[in-house]
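A short worksheet on the structure shown next.
The values are calculated or read from the model by the stated rules, or taken from the named source; none is laboratory data. Bear in mind the structure is a predicted one, so any value in this text is a computation, not a measurement. Methodologically, a virtual Cβ is constructed for each residue, glycine included, from the backbone with ideal geometry; neighbour enumeration extends over all protein chains shown. Side chains are part of the model used for accessible areas, which takes the heavy atoms of the whole protein and leaves out ligands, DNA and RNA. Shrake-Rupley method; radii C 1.70, N 1.55, O 1.52, S 1.80 Å.
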Amino acid sequence: MPGQRRARRSRRSQAVLPLHSRTRLSHTISCWYCDLKISAFNGFLFALGSRHAKYLRVWFTMGVGASFMALAVITMILLQQLACTLQLCGGSARFYNLPLSWLLGIPSWASGLSLLSLMDAGVMIFSTLVSVLIHEFGHAIAAASQGVQIEYIALFLSVIFPGALVAFNYNVLLALPPFTALRIYCAGIWHNTVFCAVCGLALLSLPALLYPFYIHGERAMVLSVSPVSPLAGYLSPGDIIMSLNDLDIHNPEEWFEKVAHLDTQLQNRSYYSGYSNGSSRNGKGYCVPNSWIEERGILSTDGEIACPDGLVAFKTMPCCRHFLDGKDCDDIYRNSTRRDYCFPPQDVVKLKNDECCLAPVQSPHSIWAEVSFARPYFSDCLKVGRNETSMHVKGLDSGSTPCLETFIFIGDISVANSIKLSAYQPRWALGAFGVYLPNLMEKVLISMFRVSASLGLLNCMPVFYLDGESMLDVSLCCITRLDPRSRRRLLRVLLTGGTLLFVTALARVFFGIYSGNV
């Protein structure tokens with residue numbers, strides 16, 4: 001929010017503060033507003049803008065064009081929102097809600113506000129502070145490049161909303177040519193736009209920048225596991241997920257996609273169409289020794305089987321062609337009543353005997369998931385890595401017990417979303433901070449991109465008290481056929497309409513979020 005509008009509405013004297021004022025700090029406090037005014041940077045900012053005025057004027061001229069393009073686009077979006085509110089648009093209303101809500105970053109914080117962690121809150125505050133400073137720095141440097149001195153920089157809190165502004169001498173602004181004033185008014189939006197591009201490029205370049213220290217996109221590494229998650233007993237931070245049901249996992253997206261696929265299969269009950277009595281559809285079997293078959297087979301009751309705690313029910317697979325005491329397994333399956341078995345799942349997946357194939361019996365409300373994972377930063381595994389690759393983490397597929405393990409998860413597969421994963425894997429054992437660093441950098445860059453885009457988008461709207469108001473005001477001055485009174489009246493009408501459009505669009509977005517449509 002540029003400070004010239006604040007100066008315009010003030011009745012006090014508009015004298016420019018001296019560049020080396022003795023009073024560098026002041027403040028204003030009321031029941032709904034408080035601020036801290038800083039003038040210590042006046043001299044530095046004015047000297048910086050004046051020294052590079054020639055290049056900065058070209059730079060901010062580009063910003064004028066970009067800002068008016070953004071103003072046109074956001075006005076079209078607001079009009080679309082109004083059309084949907086009046087039920088004049090066809091198709092799904094969700095399509096029209098998406099651009100505004102996505103750019104404002106509303107779903108990301110509104111839907112997850114109750115789950116906001118301390119780190120997420122810190123990232124959001126830091127991103128907001130950086131984006132606001134980038135915005136106001138643009139106004140300050142643009143003014144300095146035009147020879148307009150700064151009164152002060154203010155940090156304020158209005159009700160519960162923080163912000164910042166740069167105050168100028170309004171009388172000097174009035175004497176500037178219209179296009180020169182537009183450079184100052186549009187500078188904040190332009191800087192937010194460029195900052196979004198910088199964050200986007202940095203995010204895309206992050207794997208290359210971190211390549212000397214991290215492997216990217218080869219495996220999914222566990223960052224954290226919720227204490228209430230059933231997976232907490234199996235996975236821990238630093239573990240590398242290798243596969244899910246024998247399907248390789250290369251990144252977090254693949255993990256969540258396969259989990260969602262399993263959840264869909266469970267809901268459609270497609271797992272039980274391949275075999276009778278609840279056998280799995282994909283027909284995967286586990287080989288067990290003959291002694292287990294003879295000792296642990298139990299009699300089924302009405303097609304149902306109940307195993308003691310810690311054991312899981314298995315059935316002989318119809319496709320089995322292995323022999324048990326000289327008999328075909330299919331014959332045993334058809335003729336014997338002892339074809340149900342209870343085995344510990346963790347022991348079954350470790351067996352390599354090729355004697356008879358059994359398939360787990362799955363209940364209608366749970367799923368069988370075999371997860372293989374590695375622990376490359378386990379002390380014994382690191383010793384192997386040091387001997388082979390001079391401290392580089394290698395040999396994840398070596399099969400050594402400390403490095404590669406498998407567990408069976410039986411239950412609601414949706415709880416697999418209770419773990420946080422990263423596509424970055426440290427090349428060395430860098431400690432807890434090294435494990436979280438790439439994820440933190442991604443979060444900061446994404447958050448700064450979203451907050452900066454939101455700030456630029458809001459300020460280019462034709463709304464009262466924002467940069468869009470000043471942009472419209474100066475633009476109407478270029479219409480020479482309008483007298484000052486008509487210009488003020490037209491400006492008031494445009495701003496009132498823009499404000500109503502924005503409030504309507506914002507209400508529709510929030511309604512869509514809380515009704516589950518966004």
> Put a dot 7 Å past each Cα toward the Cβ at residue 442 and residue 418; how far apart are the dots in nm?
Replying inline: 2.2 nm
> Just the accessible area for residue 307, please: 1.4 Å probe, Å², rounded to the nearest 10?
Replying inline: 40 Å²
>> How large is the translational diffusion coefficient of segment 444-518 in µm² per second when you combine the Kirkwood radius over alpha carbon pairs with Stokes-Einstein at 37 °C and 0.692 mPa s?
In response: 230 µm²/s
> Using a 1.4 angstrom probe and counting only protein chains, how large is the accessible area of residue 216 in Å², to 10?
Replying inline: 80 Å²
> Whose amide H sits under 5 Å from the amide H of residue 245, counting only residues 5 or more places off or on another chain, with H placed in the peptide plane?
Replying inline: 370, 371, 372
>> I'd like the accessible area for residue 420: 1.4 Å probe, protein heavy atoms, all chains in place, Å² to the nearest 10.
In response: 110 Å²
> Can you give the FRET efficiency for residue 504 and residue 311, using 1/(1 + (r/R0)^6), R0 = 56 Å, r = Cβ-Cβ distance, to the nearest 0.05?
Replying inline: 0.40
